[in-house]
Structures are given as structure tokens and as C-alpha cells.
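See below for the structure under consideration.
The values are calculated or read from the model by the stated rules, or taken from the named source; none is laboratory data. This structure is a prediction, so every number in the text was calculated from the model and none was measured. Every residue, glycine as well, gets a Cβ built from its backbone with ideal geometry; the counts of neighbours run over all protein chains shown.
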Amino acid sequence: MLARQGEDETTRFRSERIECMNGKWYFAIREKTQMIGPFNSKEGAEKAARAYAADILAGRTDTDAMSHQFLMRAFSLT
């Protein structure tokens, strides 16, 4: 198993970052303690999580990335 970038060791057990609560789907990120969502489907939450990660890797701040996620949900793009 490969280590994540910036980590010396591998971690064999990681928690699931996509979760269903009360019929709605959410994703978790390391930077926030609360779940991000709701999304109508698991696929929507997964898509939003990938988009959030891409935003962060592209250099957006977490606030800008969250704003982008809000706009995607507002216009039903997830």
C-alpha cells in the first residue's frame, strides 16, 4: 500500500467520507468537522467531493471551494 503524499507511513483504515443521514447524502473533509451537503444521491455527494478536492488542489481556499459547491447545488448541478 502506498502512503499519501506528505505522509511517511500508510494508514490501513480510513473512515468513509461519504455518508447517508436521514435519506440525504453528505461528504466529510479534513478541514471541517461538519459534514457537507445535503445531496440527493450518493453519486451527487461523490461528485461534489471530487470537485471540492479539485478546487483545493487548484489553489482555491476552502471558503472559495465551499462557495463553488453551494452554487453547484443551487443550480442542481450535483
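Residues in the stretch 24-33 that are out of contact with any strand residue (DSSP E or B) (no Cβ under 9 Å at 6 or more places or on another chain) and without any contact (Cβ under 8 Å) to a residue 24 or more places away in the chain: R30, T33.
One residue stands out in the stretch 23-43 among those that are at pLDDT 90 or above and either farther than 16 Å from S67 by Cα or among the hydroxyl-bearing types (S, T, Y) (or both): the one that is surrounded by the most Cβ atoms within 10 Å (Cβ to Cβ), namely W25.
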